[in-house]
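One structure is given below, encoded as structure tokens.
The values are calculated or read from the model by the stated rules, or taken from the named source; none is laboratory data. A quick note: this is a predicted structure, and the numbers were derived from the prediction, not measured. Please note: Cβ atoms are built from the backbone with ideal geometry, for glycine as well, and neighbour counts cover all protein chains shown. The accessibility values were calculated without ligands, DNA or RNA, using every heavy atom of the protein model including side chains. Shrake-Rupley method; radii C 1.70, N 1.55, O 1.52, S 1.80 Å.
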Amino acid sequence: PINFSNPINFSNPINFSNPINFSNPINFSNPINFSNPINFSNPINFSNPINFSNPINFSNPINFSNPINCNF
């Protein structure tokens with residue numbers, strides 16, 4: 001598991017150009033705030049659950065050019 005217990009704040013662009021693979025749970029218990037774009041150009045694959053207990057706030061675009069696959 002990947003566990004985040006405090007706020008996660010992103011203020012500049014986040015760019016992913018290669019696959020992102022998560023095979024274990026990801027748990028977020030506090031807010032995640034994104035203020036600038038997030039760009040994904042390759043697949044994101046999740047094989048286990050992602051759990052969010054607090055808000056996720058996006059103020060700018062999120063752009064996906066390839067698939068996101070979630071297998072729960």
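Here are the numbers:
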| read-out | value |
| --- | --- |
| Spin-label model distance (nm) - Asn15 vs Ile68, 7 Å beyond Cα toward Cβ | 2.0 nm |
| Stokes-Einstein D for the chain, Kirkwood Rh over Cα pairs, 4 °C, 1.567 mPa s (µm²/s) | 100 µm²/s |
| Heavy-atom accessible area per residue - the chain, 1.4 Å, Å² | 64 Å² |
| Solvent-accessible area, 1.4 Å probe, carbon plus sulfur percent, for the chain | 53 percent |
